[in-house]
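FYI, it's all coordinate maths here, none of it is from the lab. Everything numeric here is computed off the predicted structure, so don't read it as measured data. Please note: Cβ atoms are built from the backbone with ideal geometry, for glycine as well, and neighbour counts cover all protein chains shown.
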């Protein structure tokens, strides 16, 4: 709920900047929309009535985002202008969602403080001469290492796991800056996809980094399954981006 509320606030801030004529950043908006649109589902059938009511509000907020997110994402992903009606609808949609998330939070016990770094990359961007196709392969290889570590650890994130996991996690989420000048739109689309994927990976697996930062510990089987699945989703998305480059004849660029 905290992540959803915070992501909504970030999106709303960027939309308000657009309305005010200051412009908004797709690099900020797209990862937050991705987080919200892919918000996980939970089984609350055995939880308290307050938790079930909070979950209903949470899902209403997520569905509200899904209705209006494409109005902004189509601009970020394909270029072009967004008309006043679309931006107004997007503003209302995310505002409604924030209200749902806020009402839901009021029904739940007070949570621990949300780390301020969860919704944005934690590492400094670097400049690279890598071809985008090579960057995608490199990132996939690193995620495969992470999934292998998860398979070995399962629910026991001990010191041995953390010693290997943290450097790999940091390497994946470090956004690599490539020179975008002179590349065709198909290349730009997959480069944007890469940035969305690593933000997704960061948001989904950040709690494992928190556990390691606290000295290691146990996680539940459900959380292990969710993190393992998220890593696989990111890996598959990178493979799809690579295939798109291949179809466009852009390998090595």
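Per residue Cα convex hull volume for the range 2-106, in cubic angstrom? Mind dumping the intermediate values first?
On the way: hull volume 8.7 nm³, N = 105.
Given the Cα convex hull of the range 2-106, per-residue volume reads 83 Å³.
Please give the direction-averaged projected area of the C-alpha convex hull for the chain, in square nanometres with one decimal. Don't skip to the end; give the middle numbers.
Details: hull surface 57.6 nm².
Average of the hull's projected areas for the chain equals 14.4 nm².
With an 8 Å cut-off on Cα pairs and a minimum separation of 6 or more residues, tell me the relative contact order of the chain in percent.
Details: 291 pairs, mean separation 56.9, N = 253.
Relative contact order for the chain comes out at 22 percent.
Label points 7 Å out from Cα along the Cβ direction at residue 177 and residue 106: separation in nm?
In this crude spin-label approximation the distance works out to 4.3 nm.
Report P(r) for the range 126-247: all Cα-Cα distances, bin width 10 Å, range 0 to the bin holding the largest distance, values in whole percent.
The distribution over the range 126-247 is 13, 45, 27, 13, 2, given as percents.
Suppose R0 equals 45 Å. What FRET efficiency, 1/(1 + (r/R0)^6) with r the Cβ-Cβ distance, do residue 25 and residue 222 give to the nearest 0.05?
Values: r = 34 Å, r/R0 = 0.76.
E(calc), rounded to 0.05, equals 0.85.
Suppose a student asked you for the relative contact order of the range 126-247, using Cα pairs under 8 Å spaced at least 6 residues apart; what percent would you report? Please list the in-between numbers first.
Details: 118 pairs, mean separation 53.0, N = 122.
Relative contact order, the range 126-247: 43 percent.
Taking other Cβ within 10 Å of each residue's Cβ, how do 161, 100 sort, fewest first? Don't jump to the answer; show the numbers that get you there.
Values: 161 19, 100 24.
So the residues, fewest neighbours to most, are 161, 100.
I'd like the distance between the alpha-carbon centres of the range 136-154 and the range 163-189, rounded to an integer number of Å.
Measuring centre to centre over Cα atoms gives 16 Å.
Identify the residues of the range 1-27 with backbone N under 13 Å of a label point that sits 7 angstrom from the Cα of residue 207 along the Cα-to-Cβ direction, or state none.
Under cut-off, by backbone N: 1-4.
How much length is gained on full extension from residue 45 to residue 2, taking 0.36 nm per residue of separation minus their Cα-Cα distance?
Details: separation 43, 0.36 × 43 = 15.48 nm, distance 2.12 nm.
Contour length minus Cα-Cα distance gives 13.4 nm.
Based on DSSP H runs of at least 4 residues, each adding -39500 (n - 2.57), what is the mean residue ellipticity at 222 nm of the chain after dividing by all its residues, to the nearest 500 deg cm²/dmol?
Details: 8 runs with 176 residues, N = 253.
Taken over the chain, the calculation gives -24500 deg cm²/dmol.
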